[in-house]
Amino acid sequence: MAERVLVTGGAGFIGSHTCVELLAAGWDVTVIDDLSNSSPEALRRVQELAGRELRFVEGDVLDEAALKQAFDEHGCSAVIHFAAKKMVGESCSDPLGYYRTNVGGTLSLLTAMRRHDVRRLVFSSSATVYGDPAPGACPLAESAPLRPSNPYGHTKLCVERLLRDLAASEDGWQILSLRYFNPAGAHPSGRIGEAPRGVPENLLPSLMQAAVGRLPQLRVFGTDYPTRDGTAIRDYLHVVDVATGHLRALDRLPEVEGCTEYNLGTGRGVTVFEVLEAVRRASGRELSTVVEGRRPGDATAVWADPSLAEQDLAWKAERSLDDICVDAWRWQSANPEGYGS
């Protein structure tokens, strides 16, 4: 019989793409999601793409009853934990909400896992744990200093330390934390993609909504960074590459002792204006921009050294920035209102 994995936040952007890869690889999947920033239509399309069904429990990971239902009714041998709030700007204005969901939700999940004797976990961490690296520090290896500069990053680092402490205190835990940099793009089919509620904070969905006419223009936050064109530099990797990274981590878990962290990135940094040009090429549309000041908590330049993941997980990013933008445009142009189209 196929093994079953519980995916928290599995209806979200990265979660839905990961579910497609899991189902295609033969895993049975249970998703728990409160749908606060996602849609049940995403899960319907996941099943359509995979040609297989998954099981769904609607609920929050802070809800013990919902977690009990997910574990008791369906069982699982491992968990992939995506469920979290993820916006840097929002975390600065609502730190209590971010700690309650990201840290409190993880505590609730780990308690349920221990109760059901499930000790294999892949945790969705983030490159925000590195904060704003010193000039010349990139590419960032896993050994780089951890100094997040916003509450979102603080919650991710807090959970990483919690997982380390748990694995050190109790035998049997097998945990991998994946620090991915800037997931973007969409499934090549155009059937699932990023569909944020409200005005998006992240660059790619903002660009796509501007290209499709949902936003009047792109807001560029800061053109006075010490970079090649004055805009911030990030490591954008295709969401399908991120999804396959979780699959490789899940396959690796039986060999893990304790807790380990891995970067998922391309190893290349690109500027905001370079991404803007790539979106113009993909969409064939000119995009209006307005320049504003830097946002609190934003770093100057962050990109990955992903060599450890290639060495240990047999994973590397395979898709380019142009691939990201072409696939994101295919999704956005076919679904201009996201899953409400």
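Restricting region 222-274 to residues that are closer than 24 Å to Thr300 by Cβ and hydrophobic (A, V, I, L, M, F, W, C), which is most open to solvent (accessible area, probe 1.4 Å)?
So, considering only residues that are closer than 24 Å to Thr300 by Cβ and hydrophobic (A, V, I, L, M, F, W, C), the one most open to solvent (accessible area, probe 1.4 Å) is Phe273.
Take the residues in region 321-341 that are in contact (Cβ under 8 Å) with a residue 12 or more places away in the chain and not in a helix (DSSP H, G or I); name whichever of them is surrounded by the fewest Cβ atoms within 10 Å (Cβ to Cβ).
Checked region 321-341; the qualifying residue surrounded by the fewest Cβ atoms within 10 Å (Cβ to Cβ) is Glu337.
Please give the number of the condition Thr271 fails out of (1) out of contact with any helix residue (DSSP H, G or I) (no Cβ under 8 Å at 6 or more places or on another chain); (2) within 24 Å of His81 (Cβ to Cβ).
That leaves (2) as the condition not met.
May I ask you to verify whether Ala309 is exposed (fewer than 15 other Cβ atoms within 10 Å of the Cβ), under 18 Å from Gly245 (Cβ atoms) and modelled with pLDDT of 95 or more? Spell out how you get there, then give the answer.
On the way: exposed (fewer than 15 other Cβ atoms within 10 Å of the Cβ): no; under 18 Å from Gly245 (Cβ atoms): yes; modelled with pLDDT of 95 or more: yes.
Against the criterion (exposed (fewer than 15 other Cβ atoms within 10 Å of the Cβ), under 18 Å from Gly245 (Cβ atoms) and modelled with pLDDT of 95 or more), Ala309 does not qualify.
Restricting attention to region 275-291, which residues are in a helix (DSSP H, G or I) and surrounded by fewer than 16 Cβ atoms within 10 Å (Cβ to Cβ)?
So the first thing to find is which residues in region 275-291 are in a helix (DSSP H, G or I), and the list is 275-283.
Scanning region 275-291 gives Glu277, Arg280, Arg281.
The values are calculated or read from the model by the stated rules, or taken from the named source; none is laboratory data. The model shown is predicted, which means the values in this text are computed figures rather than measured ones. As a convention, Cβ positions derive from the backbone with ideal geometry for all residues, glycine included, and neighbour counts pool all protein chains shown. Protein only, heavy atoms only, side chains kept; ligands, DNA and RNA dropped before computing areas. Shrake-Rupley method; radii C 1.70, N 1.55, O 1.52, S 1.80 Å.
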